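The values are calculated or read from the model by the stated rules, or taken from the named source; none is laboratory data. Just so you know, these numbers come straight off a predicted model, no measurement behind them. Backbone-built Cβ (ideal geometry, glycine too); neighbour counts: all protein chains shown. Side chains are part of the model used for accessible areas, which takes the heavy atoms of the whole protein and leaves out ligands, DNA and RNA. Shrake-Rupley method; radii C 1.70, N 1.55, O 1.52, S 1.80 Å.
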Amino acid sequence: MKKVLLSTLFASSIFANDNYIEFAGGYIEEKDNFSTNSDEKISSLGSAKSEKRAIPLIDFYYGIHASNNLNMYISANYGNINLGSIIELDNSILDIGLKGNFMQEAWRNPYLTTSKRKKTDVTELGAYLKYTINLSENLKTTLMYEYFQKDYDKEELTGDLKRDANSHLLSINNTFSTNTASYMVNLNVQNYDAKGEANTFNAYGLETGISTLIDDSIRLTLLANFGNKDYEKHNTAVNKKVKVKLYGTNAILNWDKPLGYKDFYTFAKMGYQKEEANVDFFDKENTYTLIGLGYKF
C-alpha cells in the first residue's frame, strides 16, 4: 500500500498538530506479479492478471510534550510503525526516528512457473531524519534522509537475483502556503542496494501537489508523481536489464467537524499508480479507493 499512497507526509499534514486515530475501508484493483495477492501459479513470465480485494486500514499518531522544545511520538501509517522525536529549533524543526514494517509478504521465487509459488515474510527496519526550515512566512523546505534494511525470511533466489537490501532515500520537499492553499514540489532519489545486482536499482522521482480549502471545513488535496527506476544489471530470469517508468495521481478529500462533531473528520482517498517496464513481467498497475473516519484528541 505504501506505493499507491504517495506523499503521506504532505497528505497527512492537515492535522499535524493533533493526536488522531483513523479507521478506513475500501478496495484496490491491481496488477502485480510480485504481490502475494497475484496468482499462486503462473504459466509464463508475462503480464499480471487484474486482482481486486478489500483493504481495511487503521492509522494513528500519538505524541507527548516532553519539554519546552521536545515532542516524542509513535505513529502507524499504512503498515509502517514510526517511533520518533521532534525537536523545535530557532525557525526550524528536526524530526528523527526509527521505523519498521513487519506486515509484508513476498513470493520466495516470483519467477517460478508451472508450480505453486510459496510465500515468505518480509521485514523492513530503518531510521529517518527530517529537517524543516521556514525560508519565509509562506515557504518552508524539508530535507529528509531515510534508511532501511529489507530482509526476506525464506529467499529462494540466488546470485544476482538476491533481494535482501539496504535502501537510502534522499528527498527535498518545498511547500508554499497561502491562507487557503498549499503548493508542494518534492524531489527524491533512492539507491536500493540489493545483494543481487540485478535487483539493485536507482530511482528518481518528482511529486507535485496542491491542497486547498473548498470551504472552512472541507479540504481537497491533489497529487501527481513521475519517476524512473533503473536496475543495475541484466536480469537472467527475464533475460533483460530492467528499466521502469513510474507515474500516478492521488486525490484526498477531508471534511473536518462533519455535522458539527468537533473532534471528528471524514475522508475519501482515491488514486492510480502505474509502473511501466521494458519487461511485461515487471509491469505494475493499481487503482484504489478508501473512505474513513478519524478522531482527533
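Figures for the structure shown
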item	result
Inter-residue pairs, beta-carbon under 6 Å, first more than 30 Å from ASP280 (Cβ to Cβ) and in region 47-67, second open to solvent by 100 Å² or more (accessible area, probe 1.4 Å) and assigned to a strand (DSSP E or B), 6+ apart	ILE58/PHE23
Test result for LEU246, farther than 26 Å from LYS52 by Cβ and either in contact (Cβ under 8 Å) with a residue 24 or more places away in the chain or outside any loop (DSSP other than H, G, I, E, B) (or both)	no
Tabulated pairs, region 177-193, first farther than 17 Å from LEU246 by Cα, second among the β-branched types (Val, Ile, Thr) and buried (at least 17 other Cβ atoms within 10 Å of the Cβ), C-beta under 6 angstrom, 6+ apart or interchain	SER182/THR175; MET184/THR175; ASP193/THR200
Hits in region 113-129 (condition: open to solvent by 40 Å² or more (accessible area, probe 1.4 Å) and in contact (Cβ under 8 Å) with a residue 40 or more places away in the chain)	THR113, THR114, SER115, LYS116, LYS119
Residue in region 141-160 that is hydrophobic (A, V, I, L, M, F, W, C), under 26 Å from ASP283 (Cβ atoms) and surrounded by 14 or more Cβ atoms within 10 Å (Cβ to Cβ) present	yes
Index of the failed condition, LYS269 passing every other in (1) over 18 Å from the mean Cα position of the chain (by Cα); (2) assigned to a strand (DSSP E or B)	(1)
Of the criteria (1) modelled with pLDDT of 95 or more; (2) open to solvent by less than 50 Å² (accessible area, probe 1.4 Å), which one LYS41 fails	(2)
Qualifying residue in region 249-264 (condition: out of contact with any Lys or Arg (no Cβ under 8 Å at 6 or more places or on another chain), aliphatic (A, V, I, L, M), open to solvent by 70 Å² or more (accessible area, probe 1.4 Å) and outside any helix (DSSP H, G or I))	no
Residues within region 180-228 that are under 22 Å from PHE148 (Cβ atoms), of a type in the set (Phe, Trp, Tyr) and out of contact with any helix residue (DSSP H, G or I) (no Cβ under 9 Å at 6 or more places or on another chain), tallied	2
